[in-house]
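*Asks:* Shown below is the structure under consideration.
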Amino acid sequence: MSKVSRQSPVWLVGSAGMLAGDILEELHKADFPCVISDREVDITDINQVRAFIGQRHPAWIINAAAYTAVDQAEKETESAFAINGLGPGVLGAVAAQTGATIVHFSTDYVFDGSGDRPWVETDSTGPLSVYGRSKLDGERRLAEATDRYFTFRISWLYGVRGKNFVKTMVRLFREKPELRVISDQIGGPTWARGLARNIAALVTNGKGNPGIYHYSDAGYISWFDFAVGIRDAALAVGAIDREISILPIPTSEYSLPAPRPANSRFSHDKVRNQLGFNVLPWRSNLDAFFREWKALDFRP
Ligand SMILES: NC(=O)c1ccc[n+]([C@@H]2O[C@H](COP(=O)([O-])OP(=O)(O)OC[C@H]3O[C@@H](n4cnc5c(N)ncnc54)[C@H](OP(=O)(O)O)[C@@H]3O)[C@@H](O)[C@H]2O)c1
């Protein structure tokens, strides 16, 4: 298989997804050549991946493809492990043959949520759900396949594309007289655009030690705090027109098939110090998100 050259593009895998859309826009702004694929190149099929890489010779592979239906994964274990576990291993194995570097995304769900200090990259994992186990499997398979990888564990991702907590809250603010939101799970939101800017800078600079990194916006909050912030930001830009009441509830009052970690705080020291990532406060990122979403007429 031929090797990558200086003119080789970035291959953005899972390009129809929420995070991928923002990454693609940021790479375009940086004038970086990109090739994209979504389901038409199945990352669990090594022959499809080999054929694609053989034709395009990417220098970087950004894997934003994933099985992200966290609760459904409890029943669809096989699909979750194929896409989240096997897939990154396949991409890593093929990349190792060409010298491409892989950027991959994982999750706070690889941790058991114990304690109240921010998780560092060397902490022991202990996923509570099928989704978390499948993502951990993918991290491991990727690291076994190649040395040239950057795995970013992120939490509470949101952006203008697809379904996410922010857009769901705004829809519910418009529909309901009152909302109850969990206040005993603490973590940090990740604005997809902010992460995408950092990823574009990483690819453009091409520097940094491979490995696992933790990333989210700065500040540790509960889902309840986040909902209150979303309501305030939504009111400020006219996404909603009345202040509905939000009540804090414990996790025990909101049962879901997949258990969530109570502590999803990420330390940002490594990503800041070693990769120079810009980690901005969750609240200013949320305001920026709403400005961007407003310009898109708050599309669903
Ligand atoms: N969303 C979150 O809150 C969150 C939190 C922490 C970490 N993450 C991680 O962040 C990354 C990006 O998440 P996201 O929410 O942007 O994902 P997403 O919107 O669900 O997009 C994933 C994309 O991958 C595609 N895909 C699925 N299986 C594939 C396969 N076998 N081959 C090729 N493409 C395939 C999906 O297609 P279909 O739509 O047809 O399935 C979809 O277009 C993922 O690694 C995710 O695990 C997300």
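*Asks:* Of all residues in the stretch 3-45, count the ones that are modelled with pLDDT of 95 or more, more than 13 Å from the ligand (Cβ to nearest atom) and more than 17 Å from LEU202 (Cβ to Cβ).
*Replies:* Here the count works out to 1.
*Asks:* Can you find a residue in the stretch 185-199 that is surrounded by fewer than 16 Cβ atoms within 10 Å (Cβ to Cβ) and over 24 Å from ASP297 (Cβ atoms)?
*Replies:* No: the stretch 185-199 contains no residue that is surrounded by fewer than 16 Cβ atoms within 10 Å (Cβ to Cβ) and over 24 Å from ASP297 (Cβ atoms).
*Asks:* Can you say whether TYR149 is farther than 21 Å from ALA258 by Cβ and of a type in the set (Phe, Trp, Tyr), as far as the supplied structure shows? Quick ask: steps written out before the conclusion?
*Replies:* Values: farther than 21 Å from ALA258 by Cβ: yes; of a type in the set (Phe, Trp, Tyr): yes.
Judged against the criteria, TYR149 is a match.
*Asks:* Let me ask another. What are the pairs with Cβ atoms under 6 angstrom where one residue, in the stretch 34-48, is closer than 15 Å to VAL10 by Cβ and without any contact (Cβ under 8 Å) to a residue 60 or more places away in the chain and the other, located anywhere, is more than 11 Å from the ligand (Cβ to nearest atom) and assigned to a loop (DSSP other than H, G, I, E, B)? Sequence gap at least six, or different chains.
*Replies:* CYS34/PRO9; VAL35/PRO9
*Asks:* Keeping to the stretch 143-196, report how many residues are of a type outside the set (S, T, N, Q), under 21 Å from ALA295 (Cβ atoms) and within 15 Å of the ligand (Cβ to nearest atom).
*Replies:* Final tally of qualifying residues: 18.
*Asks:* Quick check: anything in the stretch 235-251 modelled with pLDDT under 95, more than 16 Å from the ligand (Cβ to nearest atom) and out of contact with any helix residue (DSSP H, G or I) (no Cβ under 9 Å at 6 or more places or on another chain)?
*Replies:* no
*Asks:* Which ones in the stretch 255-295 are under 30 Å from LYS75 (Cα atoms), in contact with a Pro (Cβ under 7 Å, 6 or more places away or on another chain) and either part of a loop (DSSP other than H, G, I, E, B) or free of Cβ contacts under 8 Å to residues at least 24 places away in the same chain (or both)? I'd like the intermediate steps shown before the answer.
*Replies:* Going residue by residue through the stretch 255-295, those that are under 30 Å from LYS75 (Cα atoms) are 255-266.
Checking which are in contact with a Pro (Cβ under 7 Å, 6 or more places away or on another chain) leaves us with 265-266.
Scanning the stretch 255-295 gives a single hit, ARG265.
*Asks:* Criterion first (within 22 Å of the chain's Cα centre (by Cα), modelled with pLDDT of 95 or more and of a type outside the set (S, T, N, Q)) does VAL271 satisfy it?
*Replies:* For VAL271, the condition - within 22 Å of the chain's Cα centre (by Cα), modelled with pLDDT of 95 or more and of a type outside the set (S, T, N, Q) - is met.
*Asks:* What single numbered condition from (1) buried (at least 17 other Cβ atoms within 10 Å of the Cβ); (2) under 24 Å from ASP297 (Cβ atoms); (3) more than 13 Å from the chain's Cα centre (by Cα) fails to hold for THR168?
*Replies:* (1)
*Asks:* Are any of the residues in the stretch 221-233 touching an Asp or Glu at 6+ places or on another chain (Cβ under 8 Å) and not polar (S, T, N, Q)?
*Replies:* yes
*Asks:* Okay, moving on. Hey, among the residues in the stretch 104-138 that are within 13 Å of the ligand (Cβ to nearest atom) and either among the polar types (S, T, N, Q) or surrounded by fewer than 23 Cβ atoms within 10 Å (Cβ to Cβ) (or both), which one's farthest from GLY17 (Cα to Cα)?
*Replies:* PRO127
*Asks:* Then there's this: Out of all the residues in the stretch 48-64, is one or more within 28 Å of PRO127 (Cα to Cα) and surrounded by fewer than 19 Cβ atoms within 10 Å (Cβ to Cβ)?
*Replies:* No, the stretch 48-64 contains no residue that is within 28 Å of PRO127 (Cα to Cα) and surrounded by fewer than 19 Cβ atoms within 10 Å (Cβ to Cβ).
*Asks:* Among the numbered criteria (1) over 14 Å from the mean Cα position of the chain (by Cα); (2) under 22 Å from ARG153 (Cβ atoms); (3) among the aliphatic types (A, V, I, L, M); (4) crowded, with 18+ Cβ neighbours inside 10 Å, which one does VAL94 miss?
*Replies:* Going through (1) over 14 Å from the mean Cα position of the chain (by Cα); (2) under 22 Å from ARG153 (Cβ atoms); (3) among the aliphatic types (A, V, I, L, M); (4) crowded, with 18+ Cβ neighbours inside 10 Å one by one, VAL94 breaks only (2).
*Asks:* Here is a check on your reading of the model: is ALA239 small (Gly, Ala, Ser) and part of a helix (DSSP H, G or I)? Full working, then the answer.
*Replies:* On the way: small (Gly, Ala, Ser): yes; part of a helix (DSSP H, G or I): no.
For ALA239, the condition - small (Gly, Ala, Ser) and part of a helix (DSSP H, G or I) - is not met.
*Asks:* Give PHE289, PHE226, PHE266 a once-over and let me know the one that is touching a strand residue (DSSP E or B) at 6+ places or on another chain (Cβ under 7 Å) and closer than 16 Å to VAL170 by Cα.
*Replies:* Among PHE289, PHE226, PHE266, only PHE289 is touching a strand residue (DSSP E or B) at 6+ places or on another chain (Cβ under 7 Å) and closer than 16 Å to VAL170 by Cα.
The values are calculated or read from the model by the stated rules, or taken from the named source; none is laboratory data. Fair warning: this is a prediction, and the values are worked out from it, not measured in the lab. Cβ: placed from backbone, ideal geometry, glycine included. Neighbour counts: every protein chain shown.
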